1. Under 1.5 on a/c is rounded, so check that first for segment 124-226, then, if it is not, pick prolate when a/b is larger than b/c and oblate when it is not; a ≥ b ≥ c are the square roots of the alpha carbon gyration tensor eigenvalues.
2. In whole percent, how big is the carbon plus sulfur part of the accessible area of segment 309-389, probe 1.4 Å, protein atoms only?
3. Out of the trypsin sites (Lys or Arg not before Pro) in segment 29-100, which ones are loop residues according to DSSP with at most 15 other C-beta atoms within 10 Å?
4. Applying 1/(1 + (r/R0)^6) with R0 = 35 Å to the Cβ-Cβ distance of GLU373 and ALA24, what FRET efficiency is obtained, to the nearest 0.05?
5. At a 10 angstrom cut-off on C-beta neighbours, averaged per residue, how do the peptides 279-285, 264-270 rank from highest to lowest?
6. Of the listed pairs LYS336/LYS386; LYS204/LYS386; LYS109/LYS336; LYS204/LYS267, which have alpha-carbon separations greater than 21 Å here?
7. Apply the Karplus curve 6.51 cos²θ - 1.76 cosθ + 1.60, θ = phi - 60°, to the phi angles in segment 77-92 and return the couplings in whole Hz, x for Gly and Pro.
8. So how many Å³ per residue does the convex hull of the Cα atoms of the chain work out to?
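The values are calculated or read from the model by the stated rules, or taken from the named source; none is laboratory data. If you're wondering where the values come from, they're calculated on a predicted model, not measured in any experiment. Virtual Cβ from ideal backbone geometry, glycine too; neighbours counted across all protein chains shown. Just so you know, the surface numbers come from the protein's heavy atoms only, side chains and all, with ligands and any DNA or RNA stripped out. Shrake-Rupley method; radii C 1.70, N 1.55, O 1.52, S 1.80 Å.
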Amino acid sequence: MSRSSIPPSATVTARLADGVGSIAAAEWDACAGAGNPFVSHAFLHALERSASVGARTGWQAIPIVVDGADGRPAAVVPAYAKSHSQGEYVFDHGWADAWSRAGGDYYPKLQIAVPFTPVPGPRLLLRDDDAGRAAAPALLAGIEAVVDQHGLSSAHATFVAPNQLPTFEAAGWLVREGTQFHWRNEGYASFDDFLAALASRKRKAIRKERAAAVEGLEVVHLTGAAITEGHWDAFWRFYQDTGSRKWGRPYLTRPFFSMLGEAMGDKVLLILALRGGRPIAGALNLIGADALYGRYWGCAQEVPFLHFELCYYQAIDAAIARGLATVEAGAQGEHKLARGYAPVPTWSAHYIPDAGFRRAVADFVVRERASVESDQAYLGEMTPFKRGG
């Protein structure tokens, strides 16, 4: 896809950039802010530099930029031309099939997202000044212009922060609801303090699980310079095993993890289980301003309950120790309910220029939302907390 200027209005021009790496880190991060590590320049550029994303992988980075009067980016969007629907976690394969049966080409499409990352966050990255706030409509108009001018089927902003939904809705984008399971820190001083909020039977079950999971093992929390290349080598093996079973092939390359550690090691929390001093399993987390984000897990030895221990319970321990408000443990997983993670809504927004296709999708998302919200209400009654507490 060619890089070009897009005139969404007479006064403001959006442009396509040649990857996140073509934008100065300080200018990108002035728009992205410091709250969510996944939209930082360091994270997104590491995906590009490591060849985890690129035209070869079906994720061609084409960030959309609106410059301010000072010539610096006032607003940016992490945008990708996609030739498939892998690595998104908001599933539109049915839409693609329907469009194909109608004689259209669903791919390429435009994806506004953090690749391979089902983490809610800002998708319209706006500089925290008048120029940034005023650029939001132009940014959306620029996204739509990319779709229209290049003959793409659609644009999809996935895992949109709730406070940005009104901007998409005002522009006429369709909004779709999904579900994740997050743990909420209600001011707990310790894990035992959290357990005290649970029903007695659930509290005993978690204590039993934790004891069984770590028997004969040592669990370590590593961040920053404490994470060595040897640790990344071990975690890469774990990630390869999980990725090959879940997705057919892992999305991220080995260099990505080293680059992640180099560029933003202070935001990385690597939790490893050791047997005799050797890592046998691990969970990778990123640390945000007010949340701990669980991302990847894998193991070289199967140990009952170890997945729950490293991904959920140790994450809760880490969040309490850091005073973080939430743990977001990734996509799907009703098994998280019994571990104190509750259902929360997630959101995506969709621009579909074809009127007939838009009507069909609009009808689908309305019907789907009723089902999703019914499921959320049902699942909310299954959490392990004391009733009335």
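1. Prolate, because a/c is 1.5 or more and a/b exceeds b/c.
2. Accessible surface attributable to carbon and sulfur in segment 309-389 totals 53 percent.
3. On the way: sites: ARG49, ARG56, LYS82; in loops: none.
Of the trypsin sites (Lys or Arg not before Pro), not one in the loops of segment 29-100 has a Cβ with at most 15 other Cβ atoms within 10 Å.
4. Working: r = 43 Å, r/R0 = 1.22.
It comes to 0.25.
5. By packing density, highest mean first, the sequence is 279-285, 264-270.
6. On the way: LYS336/LYS386 17 Å; LYS204/LYS386 13 Å; LYS109/LYS336 33 Å; LYS204/LYS267 33 Å.
Long pairs (Cα-Cα over 21 Å): LYS109/LYS336; LYS204/LYS267.
7. Working through the residues one at a time gives 9, x, 10, 9, 7, 10, 10, 7, 10, 7, x, 10, 6, 10, 8, 10 Hz.
8. Measuring per residue, one finds 143 Å³ for the Cα hull of the chain.
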